[in-house]
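To start, the structure itself, in structure tokens.
The values are calculated or read from the model by the stated rules, or taken from the named source; none is laboratory data. If you're wondering where the values come from, they're calculated on a predicted model, not measured in any experiment. Please note: Cβ atoms are built from the backbone with ideal geometry, for glycine as well, and neighbour counts cover all protein chains shown. Accessible surface areas use protein heavy atoms only, side chains included; no ligands, DNA or RNA. Shrake-Rupley method; radii C 1.70, N 1.55, O 1.52, S 1.80 Å.
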Amino acid sequence: MTRRSRDSRAQGGRYLLVLVVMLAINFFLPRLMPGDPFLYLSVEDGTVSVVFSQQQIDHYKAYYGLDKPLHVQFGGYLLGLLRGDLGYSIYYNTSVTEMIFTRLPWTLFIVISSLVVSSVVGTALGAISAWHRDGMLDRILYAVMIVLSEIPSFLLGVLFLFIFAAQLKWFPLSGGRTVFATYGSVGTALGDILHHATLPVATLAVSRVGGFYLLSRNSMLTVITKDYIRTARAKGIGRRAVIIRHALKNALPPVVARIFMSLGGLFGGAVLVENVFAYPGVGRLMREAVGNRDYVLLQGIFLTITVMVLLMNWLADIVYRKLDPRVAR
Amino acid sequence: MATLELSHLFVRYRQDAAINAVHDANFSLSPGESLGIVGESGSGKSTLAMTVMGLLEAKTTVTGSIRLDGTELTTMTERQRDGYRWRRIAIAFQNSLDVLNPVMTVGAQIAEAITRHMALDRESADERARQLFNMVGLEAKWLQAYPHELSGGMRQKALIAMSLSCKPEILIADEPTMALDSESKAEIIDLLKRLQSERGFSMIAISHELQVVSALTSRILVMYTGNVVEVGPTRAVLEDPLHPYTRGLTYASPSIHPFRDMWGIPGEIVITEETQCPFYSRCTQRIPACLHQHPALETIRPDRQVACLRGGIVTLLTGVALNKTYRTAGGAIRACDQCDIAIRAGEVVALIGQSGSGKTTLAQMLCGITRPDTGTAVFDGRTILGNSETRRTGGVQMVFQDPLSATNEALSIEQIVREPLDILRSDTMAQRTAKVRSALQQVQLPHDDLFLRRKGHTLSGGQRQRVAIARALVMEPRLMIADEISSMLDPSTAANILRLLKGLQNLLGFSMLYITHDIALARKIADTAYVMHKGRLVEHGPASRVLTSPNSEEAKRLLRKLGLDSSYGR
């Protein structure tokens, strides 16, 4: 018990350290980027006309605290974070926390949906493929999955958009829901949202399914050559019990760990995909923030994603311990 | 209780595999019987077990039949097979960490078979698992443990408890004592014996450790590269093996030959054709025909079967009722009195006796130097007359106590070693010299021109003995008679010569009659021993018994006396 608590304390320490490092990077990185937010505030598309005078810029810099030394800014930033305050967007002039929290559900929705779809489908297909190793089914699945896993998600998104939205008109071209629509019931609202989410989710899921398939197939292939599978078969407990209780149970831990770990990558993918589909998530917000050199907003988004990823890694650790008794004790 | 019958069973892992993993296995297991399967790693023991359980990979081809009470198992579907597995035939797998599912508790892994086959609910199955653990001597708390939390010995017990969980009629124990310390080993053996007598299942015990099989089983099956080469009662087979391979296994087993030095079976497995004897490349008694015919298992004695074209280990030399009396002024001395002796191919026979007991006379009659008054000595089917066997290659050669004392002092080492070949006149001079050099190399002497030109009397005692052995080796003897060859040497040189000779014997496969009064030495190298006292052979048998606890009074007395001698040095 003492060893276990010491282990988890050491682990907590590691996560804390990572968080602090991430906060520092998060704070300093945008300030190292070329460009200046007040320069961009003043630039309209296509025209170059300076709206702010030097005096105004100084005023705004003082207003946002950007004239203070870096370490003072950083200290203020950390203090604000403790209060849940991510500051005010330089471009939109609204609370960053609020902005992110209006966008986050959209992103979480497509990220988690696509994760569920891709991991379940990928794992199942991988297991089936491994059990029929070198058979026709295995070869075809393997080839298809390799190809799928190599296509970049934005390309896939554009392809889907072209075929299913532009040509077949099965799904809307963009957005998270029909603009200006008034819904009669929760059902129709949900239907509309799902309708809009289908292509982004499919894009993300398809681009991720190959990875899960390969990992699951690989893990399963390793497991089914193990002696304990032979032991299970020898007991005559039936094929289903052998596959599910013995093979899958052993093959799953690495797959599950990967599911949680892959969330970081999925957020990255979501940024690209949301922009392809003009989906109102955090990814699209991030692009806008980058374009506007909106430090405060960028920091907020980065921080949110960082915390999410760390949280998922931590969850992965916990779930792994639950699944494999050899790691647990 | 059921009978298991295997007939003409062939297993091939891949179509393009060079040899069958199991080749024509035929045997049956009666209710309550215990059968041991022994053989080196890769001999097909485990494959046989997996075939019976139906656990081979899909790519494997199995032909022939396995019947349980007349029901054919090989043609069953997996689903049908599942009805037989564990409930009728169960296996205690070879112990390893991987053999149990690492993410399930041991108890759950035992209970799942019980709920499946014995129509019990989960609770009763758990109760039964507790009883099983109690039966094998494990505390019930270990049921909640994961496999990695058990020690090797505990895991072995858990595997046994698991295998017996559905009351099988047949238990296969695959290497049940593998990687255990000797105390746990004894515990597992006792456990298996007790359980078998309590529950009456029949058992197939697979092991490469002969003492395990000999403790557990009444009948034994010896396998070599997938072939069953010998079958018989365990005790009889291990004490008096018929196949050279079985004998090689017993020689390599310190538990069966506790005093004798261990010597593995030399040579590599070389099998070029299915139609040859699989043991050909390592056999000490092969004949050209062995390369063209695959020997079938044949009954050559009641209850003893062996797969050997030569009918098992052949007897190379037999002396029947040999008598020799020397008449001197002081009266008649009966040097040999009705001596019967037999030497088999590839075996080391020690002839023990005091000085003057007639050992040398007997040896001389066996190689033809001395003519017996009555009785005959037969070598390889030919009666020994004069130098009829010593002058041919593949015959009998003798090495004496002081071998070079009888040679011409003027002869060089090359001439001494080459002399028998010169008499034979079979090769060119260059070929003979080449043989001389290779023989000198075999006895670890220099073989350059300088050494070849040296005179025999310039050598030390140990070197002379080596030269004498080389002289015998050029004739490629099938029987070497060594008469007190080490008695004039200091202990270190004697040990070197003896190890050299035994090593050559093991490698080249000739038989050896080793005459000595030194029991400690004889114990180190002898497979069989004859004890001679006042011209009579008073006792003979396996060296491990005769040289430690003989039956006859004369032998006991001699052993005490000679044993005393050797403990005070030669």
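With the structure loaded, tell me whether B:CYS277 is without any contact (Cβ under 8 Å) to a residue 60 or more places away in the chain, part of a loop (DSSP other than H, G, I, E, B) and buried (at least 19 other Cβ atoms within 10 Å of the Cβ) or whether it fails that test.
yes
Have a look at A:LEU159, A:LEU141 and point out the one that is open to solvent by 50 Å² or more (accessible area, probe 1.4 Å) and at negative phi.
A:LEU159
Only one of B:ASP190, B:ASP174 is of a type in the set (Asp, Glu) and crowded, with 20+ Cβ neighbours inside 10 Å; which?
On inspection, the qualifying residue turns out to be B:ASP174.
Filter region B:54-86 down to the residues that are in contact with a strand residue (DSSP E or B) (Cβ under 9 Å, 6 or more places away or on another chain), open to solvent by 40 Å² or more (accessible area, probe 1.4 Å) and hydroxyl-bearing (Ser, Thr, Tyr) and list them by number.
B:THR61, B:THR63, B:THR74, B:THR75, B:TYR84 - these are the residues of region B:54-86 that are in contact with a strand residue (DSSP E or B) (Cβ under 9 Å, 6 or more places away or on another chain), open to solvent by 40 Å² or more (accessible area, probe 1.4 Å) and hydroxyl-bearing (Ser, Thr, Tyr).
Do any residues in region B:132-153 that are within 12 Å of chain A (Cβ to nearest Cβ) have Cβ atoms under 7 Å from those of residues that are buried (at least 18 other Cβ atoms within 10 Å of the Cβ) and among the charged types (D, E, K, R), where the two are at least six apart or on different chains, and which pairs are they?
Once the first residue is within 12 Å of chain A (Cβ to nearest Cβ) and sits in region B:132-153, its partners that are buried (at least 18 other Cβ atoms within 10 Å of the Cβ) and among the charged types (D, E, K, R) give B:PRO147/B:ARG155.
Before we move on, is A:PHE260 in contact (Cβ under 8 Å) with a residue 24 or more places away in the chain, open to solvent by 20 Å² or more (accessible area, probe 1.4 Å) and more than 20 Å from A:VAL120 (Cα to Cα)?
No.
Among the residues that make up region B:110-120, is at least one of them in contact with a strand residue (DSSP E or B) (Cβ under 9 Å, 6 or more places away or on another chain) and either under 17 Å from A:ARG230 (Cα atoms) or more than 9 Å from chain A (Cβ to nearest Cβ) (or both)?
Yes: region B:110-120 contains one or more residues that are in contact with a strand residue (DSSP E or B) (Cβ under 9 Å, 6 or more places away or on another chain) and either under 17 Å from A:ARG230 (Cα atoms) or more than 9 Å from chain A (Cβ to nearest Cβ) (or both).
Would you list the strands (runs of 3 or more DSSP E) that sit entirely within region B:158-243 and hold 1 or more residues that are aromatic (Phe, Trp, Tyr)?
It comes to B:219-224.
Would you confirm, using the coordinates I've provided, whether A:ALA205 is modelled with pLDDT of 80 or more and within 14 Å of chain B (Cβ to nearest Cβ)?
Considered against the rule, which asks whether it is modelled with pLDDT of 80 or more and within 14 Å of chain B (Cβ to nearest Cβ), A:ALA205 comes out as no.
State which residue is nearest to the chain's Cα centre (by Cα) when the search covers only region A:227-247 and only residues that are within 14 Å of A:ALA127 (Cβ to Cβ) and open to solvent by 50 Å² or more (accessible area, probe 1.4 Å).
So, considering only residues that are within 14 Å of A:ALA127 (Cβ to Cβ) and open to solvent by 50 Å² or more (accessible area, probe 1.4 Å), the one nearest to the chain's Cα centre (by Cα) is A:ILE244.
How many residues are more than 19 Å from B:ASP303 (Cα to Cα), within 14 Å of the chain's Cα centre (by Cα) and not polar (S, T, N, Q) if we restrict to region B:205-249?
6
Provide a single number: the residues in region A:280-301 that are closer than 30 Å to A:VAL121 by Cβ and buried (at least 24 other Cβ atoms within 10 Å of the Cβ).
Residues meeting the conditions: 6.
I'm trying to understand the selection: among the residues of region A:281-329, which are of a type in the set (Phe, Trp, Tyr) and within 14 Å of chain B (Cβ to nearest Cβ)?
Hit for region A:281-329 is A:TYR320, nothing else.
With the condition being surrounded by 14 or more Cβ atoms within 10 Å (Cβ to Cβ) and modelled with pLDDT of 70 or more, I'd like the helices (runs of 4 or more DSSP H) fully within region A:1-94 carrying at least 1 qualifying residues.
Here the list reads A:2-32, A:54-64, A:70-82.
Checking B:ALA482 against (1) part of a strand (DSSP E or B); (2) open to solvent by 20 Å² or more (accessible area, probe 1.4 Å); (3) out of contact with any Asp or Glu (no Cβ under 9 Å at 6 or more places or on another chain): exactly one of these is not met. Which one?
Only one criterion is unmet by B:ALA482, namely (2).
Which residue out of B:LEU507, B:LEU498 is of a type in the set (A, V, I, L, M), open to solvent by 40 Å² or more (accessible area, probe 1.4 Å), at pLDDT below 90 and under 26 Å from B:THR315 (Cα atoms)?
Exactly one of B:LEU507, B:LEU498 is of a type in the set (A, V, I, L, M), open to solvent by 40 Å² or more (accessible area, probe 1.4 Å), at pLDDT below 90 and under 26 Å from B:THR315 (Cα atoms), namely B:LEU507.
For region A:144-152, state whether one or more residues are open to solvent by 50 Å² or more (accessible area, probe 1.4 Å) and closer than 20 Å to A:ARG284 by Cα.
Within region A:144-152, one or more residues are open to solvent by 50 Å² or more (accessible area, probe 1.4 Å) and closer than 20 Å to A:ARG284 by Cα.
Restricting the search to region A:208-226, which residues are away from chain B (no Cβ under 14 Å), open to solvent by 10 Å² or more (accessible area, probe 1.4 Å) and polar (S, T, N, Q)?
A:ASN218
Considering only region B:236-253, state which residues are among the aliphatic types (A, V, I, L, M), open to solvent by 10 Å² or more (accessible area, probe 1.4 Å) and closer than 17 Å to B:ALA215 by Cα.
Across region B:236-253, the qualifying residues are B:ALA236, B:LEU238, B:LEU249.
Is it the case that B:THR325 is of a type in the set (Ser, Thr, Tyr), over 30 Å from the mean Cα position of the chain (by Cα) and surrounded by fewer than 23 Cβ atoms within 10 Å (Cβ to Cβ)?
yes
Can you find a residue that is of a type in the set (A, V, I, L, M, F, W, C), open to solvent by 50 Å² or more (accessible area, probe 1.4 Å) and either away from every other protein chain (no Cβ under 11 Å) or closer than 30 Å to B:PRO266 by Cβ (or both) anywhere in region B:30-50?
For region B:30-50, residues of a type in the set (A, V, I, L, M, F, W, C), open to solvent by 50 Å² or more (accessible area, probe 1.4 Å) and either away from every other protein chain (no Cβ under 11 Å) or closer than 30 Å to B:PRO266 by Cβ (or both): absent.
Filter region B:78-93 down to the residues that are touching a residue at least 12 places away in the same chain (Cβ under 8 Å) and more than 8 Å from chain A (Cβ to nearest Cβ) and list them by number.
B:ARG88, B:ILE89, B:ALA92
Would you check if there is a residue in region B:59-75 being over 21 Å from B:VAL306 (Cβ atoms), touching a residue at least 40 places away in the same chain (Cβ under 8 Å) and facing chain A (nearest Cβ under 10 Å)?
There is at least one residue in region B:59-75 that is over 21 Å from B:VAL306 (Cβ atoms), touching a residue at least 40 places away in the same chain (Cβ under 8 Å) and facing chain A (nearest Cβ under 10 Å).
Kindly indicate the residue of region B:114-148 that is in contact with a Phe, Trp or Tyr (Cβ under 8 Å, 6 or more places away or on another chain) and surrounded by fewer than 17 Cβ atoms within 10 Å (Cβ to Cβ) and also farthest from B:TYR84 (Cα to Cα) among those meeting that condition.
B:GLU139
Looking at (1) touching a strand residue (DSSP E or B) at 6+ places or on another chain (Cβ under 8 Å); (2) under 24 Å from B:VAL136 (Cβ atoms), find the lone condition where B:PRO233 falls short.
The single condition B:PRO233 does not satisfy is (2).
Taking the stated definitions as given, is B:MET104 facing chain A (nearest Cβ under 9 Å) and in a helix (DSSP H, G or I)?
no
What pairs come up if the first residue lies in region B:320-348 and is in contact (Cβ under 8 Å) with a residue 40 or more places away in the chain, the second is β-branched (Val, Ile, Thr) and exposed (fewer than 14 other Cβ atoms within 10 Å of the Cβ), and their beta carbons are under 7 Å apart, counting only those six or more places apart or on different chains?
Qualifying pairs under 7 Å: B:ALA321/B:THR374; B:ASN323/B:THR374.
Kindly list the number of the only condition in (1) at pLDDT below 85; (2) of a type outside the set (Gly, Ala, Ser); (3) in a helix (DSSP H, G or I) that fails for A:ARG103.
(1)
Scan region A:235-248 for residues that are in contact with a helix residue (DSSP H, G or I) (Cβ under 8 Å, 6 or more places away or on another chain), in a helix (DSSP H, G or I) and either within 8 Å of another protein chain (Cβ to nearest Cβ) or not β-branched (Val, Ile, Thr) (or both) and report the count.
Of the residues in that region, 6 qualify.
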